[in-house]
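Notes follow once the structure below has been shown.
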Protein chains: 2
Amino acid sequence: MDGDPPGAAVRMRDVARVAEVSTMTVSRALKHPERVSPEVRARVEQAVREVGYVPNRLAGSLSSSRSNVIGLVVPSIDNSLFASTIQGISDVLRRHGHELMIASSGYGAEAEEAAIRAFLGQRVAGLILHDTTHTPEAVAMIRRAGIPVVENGTLTRQPLDMVVSYSNHDAAMAMTRHLLRLRYRRIGFVTLPLAANGRSRDRRRGYAAALEEAGLPFDPRLVLEVPPGLAAGVEALDRLLAAGGDPDAIFFAGDVLAIGAALECTRRGWPVPGRVAIAAFDNIDLLGHLVPPVTTLRLPRHEIGRRSAEVLLDRIEGRAAGPLTVDLRFEIIHRGST
Amino acid sequence: MDGDPPGAAVRMRDVARVAEVSTMTVSRALKHPERVSPEVRARVEQAVREVGYVPNRLAGSLSSSRSNVIGLVVPSIDNSLFASTIQGISDVLRRHGHELMIASSGYGAEAEEAAIRAFLGQRVAGLILHDTTHTPEAVAMIRRAGIPVVENGTLTRQPLDMVVSYSNHDAAMAMTRHLLRLRYRRIGFVTLPLAANGRSRDRRRGYAAALEEAGLPFDPRLVLEVPPGLAAGVEALDRLLAAGGDPDAIFFAGDVLAIGAALECTRRGWPVPGRVAIAAFDNIDLLGHLVPPVTTLRLPRHEIGRRSAEVLLDRIEGRAAGPLTVDLRFEIIHRGST
DNA sequence: ACGGTAGTGGTTACCGCTAACACGATCCGG
DNA sequence: CCGGATCGTGTTAGCGGTAACCACTACCGT
């Protein structure tokens, strides 16, 4: 089409030449249109289109020490639960002209530290971290950088800065209470590995708290820790029934475990809740479509993303200051499986 | 701890002062350690740790006109199919010290253009686009930028640059053939909206091609277009059975449609494939756990991500040049539902 | 008619880093 | 023992923008 060799980036200079103004005027026409005369603005806009100019934000950010990039660290991208939160973040950021960088920590604090270091290197304007446990070095780096941070894996007692989440403890407690109210007495509890993340630990504490409140003993035979995944749910079902705790209900507090277990019951022709009741922790669409539909918690996944982005932008754009904790609500969805 | 006010970024200068060398030497010690004497290198490394220096890649990229950021545009983040590809990309990039920026196009070419523009503004080193239809302006911008691009939604006849995908056409054709081989003759076909993306169109062409090959007529009563989602699968099942085409099998060529339909059959107590056979298009774990397990295609989602990142890096790091099409294989997983 | 004052647009000096080159020291073969 | 390669480090000049400041031109009320 045109004679420019590919890769020959168009600079503001080129726009300035075509519009017959200085580069500073081009800069202003693009960032503060109201500060240049309508006539010049039109000339600049025309020139921008003519030469196909795309402003270099690396240069812009370096010069103004203002960035429009947000860094997000999630344990895993390949998980629909986080996907929903990411979508929420992304939606809000785009509306405000910000960009999103993503890294996954693989559930490890060292990998998280590496991701944070990389993001700080890119001089992100803010961070959103799903995990709430960080290496001391990571914390130090963030402090040094002085940028706002949102943690959103769980409500945490020692926030780095801002927190947007729901209480994993309260949610697990609420569901356990719900089962107790339905007269289940031997409630099994399955989590993801406790060592790996605070969320699982919070959930287990909530489960224990509800039992204690009801004056029931904590029976180790009723409690299990398994890796994520459908197959693990099946395995958990088997192991729990074999352990001798004789559960009348099982509360699967992680990922897709409940789905695996529920489907396995279908496969074996077991009545649910006749043989054993099943409750889940996630608001995965699917749970409502199983036979029977599975009781679960509605968690504000998408809203966590939205609100996280919002509070971050509020800080970045100077509309707010200081720590902040947003406690989003969850809700029990009672269905046929209990 | 230390007296620095937060936000007072540590610059290379500061490291240089502490290590008693020039900034250039610090730069070298970090990027080309072998070009610096071991003694000086150690002093620099010590100083970096001491002052908590995190290199500013904005400045670095600006100066060297080399970026380590890759931009990815997917139709939607909130979809486990893309999530798996994203994870693949992310894994490879991290290993090579590159960063990932993500935007979603919401299945629209204009939104894609906006995302591409934003990424070019960040001077990304390369782009990965899931969609294969783009606005002319988007194409022009990419050409002008002269950066490598990978498209990975489907094998496309007119690639922008590189393509890493499988053939949606061939995959749909293979599954239709598979059903024909199993003696199904009235095969229903459900897709996502054809207007929205080329992938759906390719799949439908594949379905039609298999029918034609078998000498069977194309019956419009057997073909349906629905939005994504579990509920849509249920709806499709109903509408297809009501349409009078009398299907003996239904091939759901999109998202989680098949799951919705299969669960609905379970709910109604219909034998599958007795009442109607069901085939799906995605390798979602779950399909194998349903009752009966659902026949489907294994698609190289994760590998698409991995390979996309790899070919992109090959180009960026000068190990390869020129257009390239990588045709990844799919596989039929025959299970109880057919 | 004058200083005051918006309102516009240009000039200069960086932002933090790196390419390219310059320079002195050491090393080498002939 | 000298000329040229080699090594290690410093100097200079930007990369492409923007902040801060300055200069110029209306236009104002008194």
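Structure data summary
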{"quantity": "Of all residues in segment A:242-268 being of a type in the set (D, E, K, R) and in contact (Cβ under 8 Å) with a residue 60 or more places away in the chain, the one that is nearest to the other protein chains (Cβ to nearest Cβ)", "calculated": "A:D255"}
{"quantity": "Selection from segment B:307-322 of residues that are at pLDDT 95 or above and over 21 Å from B:S67 (Cβ atoms)", "calculated": "B:R307"}
{"quantity": "Failed criterion for B:L58 (all others in (1) within 11 Å of DNA strand C (Cβ to nearest atom); (2) more than 30 Å from A:P55 (Cα to Cα) hold)", "calculated": "(2)"}
{"quantity": "Criterion: closer than 30 Å to B:N197 by Cα and more than 9 Å from DNA strand D (Cβ to nearest atom) - qualifying residue of B:G71, B:G52", "calculated": "B:G71"}
{"quantity": "Enumeration of residues in segment B:123-142 that are surrounded by fewer than 18 Cβ atoms within 10 Å (Cβ to Cβ) and part of a helix (DSSP H, G or I)", "calculated": "B:P136, B:E137, B:V139, B:A140"}
{"quantity": "Residue identified as among the polar types (S, T, N, Q) and within 30 Å of B:V124 (Cβ to Cβ) among A:T176, A:T135", "calculated": "A:T135"}
{"quantity": "The listed residue being within 14 Å of another protein chain (Cβ to nearest Cβ), out of contact with any Lys or Arg (no Cβ under 9 Å at 6 or more places or on another chain) and either near DNA strand D (Cβ under 9 Å from one of its atoms) or at positive phi (or both), out of B:S63, B:S76, B:S37, B:S22", "calculated": "B:S63"}
{"quantity": "Candidate set: segment B:52-68, residues that are hydrophobic (A, V, I, L, M, F, W, C) and touching a Gly at 6+ places or on another chain (Cβ under 9 Å); chosen: the one farthest from A:S76 (Cα to Cα)", "calculated": "B:L58"}
{"quantity": "Strands (runs of 3 or more DSSP E) wholly inside segment B:148-191 that include at least 3 residues being closer than 17 Å to B:R203 by Cβ", "calculated": "B:187-191"}
{"quantity": "Segments classed as helices (runs of 4 or more DSSP H), wholly inside segment A:228-334, with at least 2 members that are assigned by TED's automatic domain parsing to the domain that holds A:L127 and at negative phi", "calculated": "A:301-316"}
{"quantity": "Segment B:227-236, subset under 21 Å from B:R205 (Cα atoms) and surrounded by fewer than 24 Cβ atoms within 10 Å (Cβ to Cβ), residue nearest to the other protein chains (Cβ to nearest Cβ)", "calculated": "B:P228"}
{"quantity": "Yes/no for A:V124 being among the aliphatic types (A, V, I, L, M), more than 16 Å from DNA strand C (Cβ to nearest atom) and in contact (Cβ under 8 Å) with a residue 24 or more places away in the chain", "calculated": "no"}
{"quantity": "Conditions (1) more than 16 Å from DNA strand C (Cβ to nearest atom); (2) without any contact (Cβ under 8 Å) to a residue 40 or more places away in the chain; (3) more than 7 Å from chain A (Cβ to nearest Cβ); (4) of a type outside the set (K, R): number failed by B:G146", "calculated": "(3)"}
{"quantity": "Count of residues meeting criterion [within 14 Å of chain B (Cβ to nearest Cβ) and within 16 Å of DNA strand C (Cβ to nearest atom)] in segment A:40-52", "calculated": "1"}
{"quantity": "Condition check for A:D91: among the acidic types (D, E), away from DNA strand C (no atom under 13 Å from the Cβ), under 28 Å from A:F119 (Cβ atoms) and free of Cβ contacts under 8 Å to residues at least 60 places away in the same chain", "calculated": "no"}
{"quantity": "Conditions (1) small (G, A, S); (2) in a helix (DSSP H, G or I); (3) assigned by TED's automatic domain parsing to the domain that holds A:R307: number failed by A:G97", "calculated": "(2)"}
{"quantity": "Which listed residue, of A:R239, A:R307, A:R301, is away from chain B (no Cβ under 14 Å) and within 24 Å of A:A83 (Cβ to Cβ)", "calculated": "A:R307"}
{"quantity": "Subset of segment B:70-85 [under 18 Å from B:G97 (Cα atoms) and modelled with pLDDT under 95]", "calculated": "none"}
{"quantity": "Single residue of B:S22, B:S67 found to be at pLDDT 95 or above, among the polar types (S, T, N, Q), within 13 Å of DNA strand C (Cβ to nearest atom) and crowded, with 18+ Cβ neighbours inside 10 Å", "calculated": "B:S67"}
{"quantity": "Identity of the residue in segment B:167-191, closer than 24 Å to B:A83 by Cβ and touching a strand residue (DSSP E or B) at 6+ places or on another chain (Cβ under 7 Å), that ends up surrounded by the fewest Cβ atoms within 10 Å (Cβ to Cβ)", "calculated": "B:S167"}
{"quantity": "Subset of segment A:28-37 [near DNA strand C (Cβ under 8 Å from one of its atoms) and surrounded by 13 or more Cβ atoms within 10 Å (Cβ to Cβ)]", "calculated": "A:R28, A:A29, A:V36"}
{"quantity": "Count - residues of segment B:100-120 that are touching a strand residue (DSSP E or B) at 6+ places or on another chain (Cβ under 9 Å), within 9 Å of chain A (Cβ to nearest Cβ) and assigned to a helix (DSSP H, G or I)", "calculated": "6"}
{"quantity": "Selection status of A:A83, in contact with an Asp or Glu (Cβ under 9 Å, 6 or more places away or on another chain), buried (at least 17 other Cβ atoms within 10 Å of the Cβ), within 13 Å of chain B (Cβ to nearest Cβ) and in a helix (DSSP H, G or I)", "calculated": "yes"}
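The values are calculated or read from the model by the stated rules, or taken from the named source; none is laboratory data. Nothing here was measured: the structure is a model prediction, and the numbers come from that model. As a convention, Cβ positions derive from the backbone with ideal geometry for all residues, glycine included, and neighbour counts pool all protein chains shown.
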